[in-house]
């Protein structure tokens with residue numbers, strides 16, 4: 001169905017009635033002047049230069065240019081050599097490596113505890129000097 005053949009809604013019928021009544025209230029002289037102005041505008045548009053018509057294609061040309069730019073950028077992009085890893089993931093992996101290293105755990109368990117004793121005395125000395 002074309003738009004002219006579709007049934008009108010009550011709103012459309014009411015709007016059409018109001019518009020037709022407003023046209024009937026305009027006097028003949030004003031209608032004639034409006035018609036002459038319309039005809040003059042149409043004649044000027046048809047006889048004028050065609051350069052303004054090319055501006056109607058500007059949005060479409062801009063969209064095509066943007067799409068072409070995106071396509072070329074994505075096509076020439078080099079693939080990543082490795083997948084991106086977040087810093088939190090990297091530190092978690094390093095922690096897991098430390099825990100999995102049996103020799104490192106042996107050094108902590110069987111090693112010299114003098115460092116830990118020294119660190120504790122330093123912490124105690126700093127607490128006493130602050131307080």
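Just so it is clear, none of the values below were taken in a lab; they were calculated from the coordinates. The structure displayed is predicted, hence computed values, not measured ones. Methodologically, a virtual Cβ is constructed for each residue, glycine included, from the backbone with ideal geometry; neighbour enumeration extends over all protein chains shown.
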- Label-to-label distance, nm, for residues given as residue 26 and residue 96 (7 Å Cα→Cβ offset): 7.8
- Hydrodynamic radius (Kirkwood) for the range 1-46, which is based on Cα pairs only, to one decimal in Å: 13.1
- Query: What nm distance separates the two modelled labels at residue 73 and residue 57, each placed 7 Å from Cα along Cα→Cβ?
  - Reply: 2.6
- For 13, 29, what ranking results if the residue with the fewest other Cβ atoms within 10 Å of its Cβ goes first? 29, 13
